[in-house]
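A.B. asks: Structure provided below as structure tokens; questions to follow.
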Amino acid sequence: MLNTKNGKPNRPLNPTELMKSVFGDRARTNLLKKYEQKAITWLVQRIPPAVTSNAMTGIGFFGSIIVAASFILAAFVSKYYLLLAIPGFMISWFGDSLDGRLAYYRNKPRKRYGFALDITIDWISIILIGFGYIIYAEGTWELLGYGFVVMYGWEMIIALMRYKITEKYSIDSGIFGPTEVRIIIAAIMAAEVFLPGSLQFSAGVVVVVLFFVNIGDTRNLLKVADENDKKEIRDNS
């Protein structure tokens, strides 16, 4: 049991109890799950009590602003500013990954409020990053920024529908989750500094991959929804 006054356990939790207290509300399937959860579990124990979950959300959002700014600075000043995306995504991961986990560790989860705030901030962050790319890109390549926003937004809608239909909230699509997406985009932006023009090609690949992933996730979700409806009809007949 956690002390809700100072955010620390009344007694030391064993590793199993600690993992359950931090991640018990959701199942993860992403490729880096094992390492990510270990890192988050280590970090939540060291966040000062004065730092709230809302503050962590703000930190994550600030990281997204840095990523968007890196595109804008690269467009008007130097391509080397694209490298700012690396610390930007690290800050984004830090805040976004720890806000809800910190609340659960401190036994202060605000499921509905936190859920609504998280989705809202994630959506605004994607819009900002897409807007930054549009400013950086030239000509018709700008459409890829719009396509990325649409595809990521579609994935967010799928996650919300999955939660409604299955009562299980998942932020992953198979082995890919937000962390993997951050790493891939950061790597693509860094590559653009040394291989100018590679960003547009890579962005096109990402948009196409997200499209087919979303198609697959949507089909699977519709299948589950159909099976649930049929089961409900049989139970009521």
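A.B. asks: Sort through ARG234, ARG219 and tell me the only one that's without any contact (Cβ under 8 Å) to a residue 12 or more places away in the chain, under 24 Å from the mean Cα position of the chain (by Cα), surrounded by fewer than 11 Cβ atoms within 10 Å (Cβ to Cβ) and more than 30 Å from LEU83 (Cα to Cα).
C.D. replies: ARG219
A.B. asks: Hey, another quick one. Going through VAL207, VAL213, VAL224 one at a time, which residue ends up being at pLDDT below 95, out of contact with any strand residue (DSSP E or B) (no Cβ under 8 Å at 6 or more places or on another chain), closer than 22 Å to VAL150 by Cβ and part of a helix (DSSP H, G or I)?
C.D. replies: After applying the criteria, what remains is VAL207.
A.B. asks: Quick one: would you say ALA159 is surrounded by 14 or more Cβ atoms within 10 Å (Cβ to Cβ), of a type outside the set (Lys, Arg) and closer than 25 Å to GLU142 by Cα?
C.D. replies: No: the conditions fail for ALA159.
A.B. asks: Quick check on SER92: is it touching a Lys or Arg at 6+ places or on another chain (Cβ under 8 Å), of a type in the set (Ser, Thr, Tyr) and open to solvent by 20 Å² or more (accessible area, probe 1.4 Å)?
C.D. replies: Judged against the criteria, SER92 is not a match.
A.B. asks: Identify, from the list LEU98, LEU43, LEU82, the residue that is open to solvent by less than 30 Å² (accessible area, probe 1.4 Å), over 30 Å from GLU142 (Cα atoms) and not acidic (Asp, Glu).
C.D. replies: None of the other options fit; the residue is LEU98.
A.B. asks: Scan segment 4-11 and tell me whether some residue there is buried (at least 17 other Cβ atoms within 10 Å of the Cβ), part of a loop (DSSP other than H, G, I, E, B) and either at pLDDT below 75 or of a type in the set (D, E, K, R) (or both).
C.D. replies: Yes.
A.B. asks: Would you check if there is a residue in segment 132-154 being acidic (Asp, Glu) and within 30 Å of LYS20 (Cα to Cα)?
C.D. replies: No; the residues of segment 132-154 include none that is acidic (Asp, Glu) and within 30 Å of LYS20 (Cα to Cα).
A.B. asks: Would you mind stating whether ILE121 is closer than 24 Å to ASN54 by Cβ and modelled with pLDDT of 90 or more?
C.D. replies: The answer is yes for ILE121.
A.B. asks: If you check VAL213 against the conditions, is it out of contact with any His (no Cβ under 7 Å at 6 or more places or on another chain), under 30 Å from GLY24 (Cβ atoms) and of a type in the set (A, V, I, L, M, F, W, C)?
C.D. replies: For VAL213, the condition - out of contact with any His (no Cβ under 7 Å at 6 or more places or on another chain), under 30 Å from GLY24 (Cβ atoms) and of a type in the set (A, V, I, L, M, F, W, C) - is met.
A.B. asks: Quick check: is even one residue across segment 169-185 aromatic (Phe, Trp, Tyr), open to solvent by 70 Å² or more (accessible area, probe 1.4 Å) and over 18 Å from the mean Cα position of the chain (by Cα)?
C.D. replies: No: segment 169-185 contains no residue that is aromatic (Phe, Trp, Tyr), open to solvent by 70 Å² or more (accessible area, probe 1.4 Å) and over 18 Å from the mean Cα position of the chain (by Cα).
The values are calculated or read from the model by the stated rules, or taken from the named source; none is laboratory data. Note that the structure is predicted; figures quoted are calculated from it, not measured. Quick reminder, even Gly has a Cβ in these numbers, built from the backbone with ideal geometry, and neighbours come from all protein chains shown. Accessible surface is based on the protein model in full, side chains and every heavy atom, while ligands, DNA and RNA are left aside. Shrake-Rupley method; radii C 1.70, N 1.55, O 1.52, S 1.80 Å.
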